[in-house]
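Enquirer: After the structure tokens below, expect a handful of questions from me.
All of the numbers you see were taken from the coordinates with simple rules; none came from a lab. Not measured: the values here are computed from a predicted model. Heads up, the Cβs are rebuilt from the backbone with ideal geometry, glycines too, and the neighbour counts pull from every protein chain shown.
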Amino acid sequence: MLEYEIVIIGGGPAGATAAKYLSRAGIKTLLVQRNMSFKKPCGGGIRLDAFSEFEIDTGIIRKYVDTIALVHKDDRVEVDISQTPIGIVDRQSFDAMLRQDAQDAGTTLLEAVFVSLEHFEDHVVSTIKVDEEYIKVRSSYLIGADGVNSKVRKIVNGDRVSSSMTHYADITTKEYGVCEFHFGSEVAERLYAWVFPHAEGSNIGTLAESDQSYLNRLIENLDIDEDIKALGYRIPHYHNTLFYKDRVFFVGDSASQVLPFTYEGIYYAMSSAKILADVIINDEDPKSYEKRWSEKYKNKFTALLILQKIFLRNDFMISLMMRLYHKRYIQEQMVRLWLGKREVKIGIKFFFNVFKQLITR
Ligand SMILES: Cc1cc2nc3c(=O)[nH]c(=O)nc-3n(C[C@H](O)[C@H](O)[C@H](O)COP(=O)(O)OP(=O)(O)OC[C@H]3O[C@@H](n4cnc5c(N)ncnc54)[C@H](O)[C@@H]3O)c2cc1C
């Protein structure tokens with residue numbers, strides 16, 4: 001049997017970041033990744049300040065975006081985000097680089113699949129499959145960082161991550177310089193559709209559970225004339241978050257830590273992983289992971305969830321939202337709420353100001 005202090009399942013942004021910080025602190029860590037060439041279906045948009053915060057080489061960034069566009073039918077608003085621009089990465093190279101950073105810090109990286117888990121009073125034993133061989137690994141704690149289809153979560157908590165289906169495609173014939181969010185029931189069954197500059201060409205997609213007709217209408221509206229291979233992958237909701245249970249921590253998509261409204265997950269996967277690593281390094285009570293995460297993010301996640309429920313309800317509310325977005329004050333507040341580090345208080349005063357904007361010219 002192999003023995004480590006911490007075993008992490010999943011070498012995406014959450015798992016690789018946790019591994020890097022744990023190993024740096026001298027904690028014997030095993031990082032288990034199913035497939036080293038896996039390319040996570042993703043727009044690859046990451047707020048730029050994440051690179052200095054998590055000490056990631058900016059050389060991996062393929063494109064920079066300093067404007068986002070909000071689109072509903074013929075209405076379009078462009079919002080300046082040059083204070084906190086977005087870097088676009090290719091997820092295959094990005095994830096590989098994060099795993100390499102973890103290895104450089106001392107993590108053991110293994111290409112293997114997590115299969116099952118046994119619980120004991122002061123440790124857990126994971127079974128992983130390497131090629132055709134089953135290996136048992138003993139550790140004080142396990143970290144489930146295995147994404148939206150988390151097997152660790154299913155085994156430990158008996159549930160699945162609450163999520164929506166996305167339909168997306170890479171396109172090569174059109175380049176977009178800004179990140180566009182397209183709203184409305186014509187192109188998005190839920191929330192929004194998107195057009196992002198991608199590492200190569202562009203990436204388009206929509207949140208739609210049922211079929212591809214929403215994506216087809218987006219393609220039509222964008223006037224894209226190209227043979228498109230659409231794929232599907234699930235994205236978590238911020239709902240039924242799970243932080244810790246029976247010597248197992250959860251982080252990133254497996255913990256449901258995706259920001260509502262924008263559905264930005266990479267930054268929060270890495271930030272949550274750093275909070276978790278700190279808790280383990282300082283030998284704090286496992287429950288303080290949820291406490292520390294909540295102190296930092298609960299207000300922000302709740303505020304964006306409330307705004308998502310109010311404004312992305314139907315086409316009428318979306319047109320009200322677009323009317324608001326034309327106001328500079330609202331743009332500033334939304335950018336602060338989304339990308340700012342300081343909290344925006346969503347209380348009576350906030351809604352009063354929003355209402356005031358709505359009735360003034
Ligand atoms: C279409 C789409 C577009 C998106 N665009 C953006 C965007 O532009 N910006 C943004 O911030 N977020 C975006 N997201 C969300 C973002 O991709 C995720 O929130 C983020 O990748 C979460 O990181 P993670 O490490 O928790 O999980 P993942 O990145 O999913 O990593 C989990 C890893 O675990 C491995 N694994 C799974 N099961 C096992 C197992 N049994 N054994 C071993 N290894 C296993 C997987 O191979 C994978 O490498 C997008 C999501 C989708 C679906």
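Enquirer: Pop out the ³J(HN,Hα) list for the stretch 158-169 in order, Karplus 6.51 cos²θ - 1.76 cosθ + 1.60 with θ = phi - 60°, rounded to Hz; leave Gly and Pro as x.
Expert: Ordered by residue, 3J(HN,Hα) equals x, 10, 10, 5, 5, 7, 10, 7, 10, 10, 8, 7 Hz.
Enquirer: Modelling each spin label as a point 7 Å along the Cα-to-Cβ direction, I'd like the Phe38/Met317 distance in nm, to one decimal.
Expert: Modelled inter-label distance: 3.4 nm.
Enquirer: Grab every C-alpha pair in the chain, bin the distances at 20 angstrom width from 0 up to the longest one, and report whole percents.
Expert: P(r) over the chain, rounded to whole percents: 29, 56, 15, 0.
Enquirer: Scan around Ser116 for amide H atoms under 5 Å from its own, H built in the peptide plane at 1.01 Å from N, and keep only partners 5 or more places away or cross-chain.
Expert: Residues meeting the criterion, in which the H sits 1.01 Å from N, are Thr127.
Enquirer: Moving to a separate point now. Under a 5 Å amide H to amide H cut-off, with H placed in plane at 1.01 Å, what residues pair with Leu31 once short-range neighbours are removed?
Expert: So Leu31 has HN proximity to Ile8, Thr108, Leu109, Leu110.
Enquirer: Something else: Nothing charged except the Cβ atoms of Lys and Arg (+1) and of Asp and Glu (-1): what's the magnitude of the dipole of the chain about its Cα centre? Round to the nearest 20 debye.
Expert: Using only the charged Cβ atoms, the result is roughly 1380 debye.
Enquirer: For a footprinting-style exposure proxy, rank Phe311, Phe351 by other Cβ within 10 Å, fewest first.
Expert: Listed from fewest to most nearby Cβ atoms, that is Phe351, Phe311.
Enquirer: Another question, then. In the chain, which whole DSSP H runs stretch at least 20 Å along their own axis (Cα) and average 0.0 or higher on the Kyte-Doolittle scale?
Expert: 266-281
Enquirer: Would you mind checking which residues have amide H under 5 Å from Lys63's amide H? H placed 1.01 Å from N; only 5 or more apart, or other chain.
Expert: Placed amide hydrogens put Ile88 under 5 Å from Lys63.
Enquirer: I need the phi-derived Karplus couplings for the stretch 64-78: 6.51 cos²θ - 1.76 cosθ + 1.60, θ = phi - 60°, integer Hz, Gly and Pro marked x.
Expert: So the J values, rounded to whole Hz, are 10, 10, 10, 9, 10, 10, 10, 10, 9, 6, 8, 8, 9, 10, 9.
Enquirer: What ranking do Val115, Val187 get, fewest neighbouring Cβ atoms within 10 angstrom at the top?
Expert: Ranked by crowding around the Cβ, least crowded first: Val115, Val187.
Enquirer: Percent relative contact order of the chain, based on C-alpha pairs within less than 8 angstrom and at least six residues apart?
Expert: 18 percent
Enquirer: Need one number: % antiparallel among DSSP beta bridges in the chain, to the nearest 5.
Expert: Of the beta bridges lying entirely in the chain, close to 65 percent run antiparallel.
Enquirer: Per 0.36 nm of contour for each residue apart, how much would the distance between Lys309 and Ile348 grow if the chain were fully extended, relative to their Cα-Cα spacing?
Expert: Residue separation times 0.36 nm, minus the Cα-Cα distance, leaves 12.4 nm.
Enquirer: What's the ranking of 255-261, 2-8, 119-125, 62-68 by average number of surrounding C-beta atoms within 10 Å, highest first?
Expert: The densest-packed peptide leads the list: 255-261, 2-8, 62-68, 119-125.
Enquirer: Mean residue ellipticity at 222 nm from the helices of the chain, using -39,500 (n - 2.57) per DSSP H segment of n ≥ 4 over the full residue count, to the nearest 500 deg cm²/dmol?
Expert: Roughly -10500 deg cm²/dmol at 222 nm, from the helical runs in the chain.
Enquirer: Please report the spacing between the Cα centers of the stretch 219-248 and the stretch 293-361 in Å, no decimals.
Expert: 23 Å
Enquirer: Further question: Distance from a point 7 Å along Cα→Cβ of Tyr64 to each backbone N in the stretch 23-49: keep the residues under 16 Å and list them by number.
Expert: Those under the cut-off are 46-49.
Enquirer: Please report the spacing between the Cα centers of the stretch 1-35 and the stretch 69-97 in Å, no decimals.
Expert: Spelled out, the Cα-based centre of one part sits 30 Å from the other.
Enquirer: List residues of the stretch 7-51, by number, whose backbone nitrogen lies under 17 Å from a label position 7 Å along Cα→C-beta of Tyr233.
Expert: 10-17, 33-47
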